[in-house]
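Asker: Before I ask anything, let me first share the structure, which is written out below as structure tokens.
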Amino acid sequence: MSALRFCPIASGSSGNSTYIGTGDTHILIDAGISGKRAELLLEGLSVSAQSLNAIFITHEHADHILGAGVLSRRFDVPIYACENTWRKIDSRNLMGKIAPHNKKVFSYGQTVSVGDNLFLKPFQTPHDAAQPSGFNIFAEGRKISVATDMGIVTDTVREHIYGSDIMLLESNHDIEMLKNGPYPWQLKKRILGEYGHLSNAACGELITEIFSSKVKHIFLGHLSEENNEPALAFEAVSSILSANKIKPGCGFSLHLANRWERSYCVTYEKEFG
Ligand SMILES: [Zn+2]
Ligand SMILES: [Zn+2]
């Protein structure tokens with residue numbers, strides 16, 4: 001039976017990758033872990049890396065592209081990225097050689113179809129990369145949003161993630177932990193800046209702003225290893241939501257996207273209502 005499945009398989013500064021599949025269409029958003037590790041994590045979902053239809057790249061930072069080149073070469077998988085992202089990847093040889101037929105370009109606002117029933121719409125995110133993207137994914141009547149690596153929340157981000165059934169959002173750091181932590185000042189400034197990463201508090205506020213009864217699953221992702229703790233991120237976001245009368249567990253689930261292992265896999269069977 002055809003089903004829609006959504007599962008972050010790695011999340012955080014040590015590597016990001018999210019699996020989305022319907023029937024015989026399978027994609028990854030980012031492949032920031034080794035090709036071998038991506039293969040193993042996909043196997044746990046009974047998906048062979050060989051059957052991947054595409055890898056979509058949010059931006060060229062290593063924690064999002066590390067294994068993309070290997071997967072593309074080993075399994076002949078097309079890689080989709082923005083034009084300026086490709087330019088940066090090529091000029092710095094960040095992925096090794098990619099076969100020309102596997103180099104695909106997308107633009108913000110364009111709808112890209114993969115297989116028969118999966119559609120992706122990229123949108124702009126504020127981050128210090130060449131041309132960073134978030135994604136709306138449409139399949140089986142559902143809307144999914146993936147938006148991490150954002151210094152601030154823009155109207156573009158709000159508009160695109162609104163009305164999603166599933167969201168993977170960034171809950172990168174606790175502001176106090178970051179400010180008092182060991183990072184050099186320049187790096188702290190970068191993370192806290194407009195093109196850095198979203199704090200737990202900013203993530204909680206974002207969810208409060210765009211919350212609707214349509215939301216069924218929210219994943220908190222891209223947690224910092226140095227400046228956050230899973231329990232702290234969960235608690236911080238939950239308490240902001242509760243203060244706004246949004247109760248995780250009532251009508252929707254709040255999940256943590258795990259750093260080193262597969263996260264909860266959301267599955268919708270084909271019949272939905
Ligand atoms: Zn980044
Ligand atoms: Zn990142």
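Asker: Looking at this structure, is Ile240 surrounded by 13 or more Cβ atoms within 10 Å (Cβ to Cβ), in a helix (DSSP H, G or I) and β-branched (Val, Ile, Thr)?
Answerer: The answer is yes for Ile240.
Asker: Could I ask something else about it? Could you please tell me which pairs satisfy a Cβ distance under 9 Å, a separation of 6+ or placement on different chains, a first residue in segment 50-64 that is closer than 22 Å to Ser13 by Cα, and a second residue that is near ligand 1 (Cβ under 8 Å from one of its atoms) and not in a loop (DSSP other than H, G, I, E, B)?
Answerer: Partner pairs satisfying both residue conditions: Ile57/His64; Thr58/His64.
Asker: Right, next: Taking Leu42, is it more than 16 Å from ligand 1 (Cβ to nearest atom), touching a Ser or Thr at 6+ places or on another chain (Cβ under 6 Å) and not charged (D, E, K, R)? Write out each step before concluding.
Answerer: On the way: more than 16 Å from ligand 1 (Cβ to nearest atom): yes; touching a Ser or Thr at 6+ places or on another chain (Cβ under 6 Å): no; not charged (D, E, K, R): yes.
Judged against the criteria, Leu42 is not a match.
Asker: Quick check, is Ala68 more than 27 Å from Met150 (Cβ to Cβ) and either within 16 Å of ligand 1 (Cβ to nearest atom) or more than 17 Å from the chain's Cα centre (by Cα) (or both)? Spell out how you get there, then give the answer.
Answerer: Working: more than 27 Å from Met150 (Cβ to Cβ): no; either within 16 Å of ligand 1 (Cβ to nearest atom) or more than 17 Å from the chain's Cα centre (by Cα) (or both): yes.
So Ala68 does not fit the description; no.
Asker: When segment 215-257 is examined, which residues are found to be farther than 18 Å from His197 by Cβ and either among the acidic types (Asp, Glu) or touching a residue at least 60 places away in the same chain (Cβ under 8 Å) (or both)?
Answerer: Within segment 215-257, the first condition is being farther than 18 Å from His197 by Cβ, and the residues that meet it are 215-217, 231, 235, 238-239, 241-255.
The answer is His217, Glu235.
Asker: Check whether at least one residue in segment 61-83 is among the polar types (S, T, N, Q) and open to solvent by 40 Å² or more (accessible area, probe 1.4 Å), and report yes or no.
Answerer: Here is the first cut: in segment 61-83, the residues among the polar types (S, T, N, Q) are 72.
Cutting the leftovers down to open to solvent by 40 Å² or more (accessible area, probe 1.4 Å) gives us none.
Within segment 61-83, none of the residues are among the polar types (S, T, N, Q) and open to solvent by 40 Å² or more (accessible area, probe 1.4 Å).
Asker: Working only within segment 59-112, note down all residues that are touching a Lys or Arg at 6+ places or on another chain (Cβ under 9 Å), within 16 Å of ligand 2 (Cβ to nearest atom) and among the charged types (D, E, K, R).
Answerer: Listed by number, the list holds a single entry, Glu60.
The values are calculated or read from the model by the stated rules, or taken from the named source; none is laboratory data. No experiment lies behind these values; they were computed from the predicted model shown. All Cβ positions, glycine included, derive from the backbone under ideal geometry; neighbour counts span all protein chains shown. Surface accessibility is based on the protein's heavy atoms, side chains included, excluding ligands, DNA and RNA. Shrake-Rupley method; radii C 1.70, N 1.55, O 1.52, S 1.80 Å.
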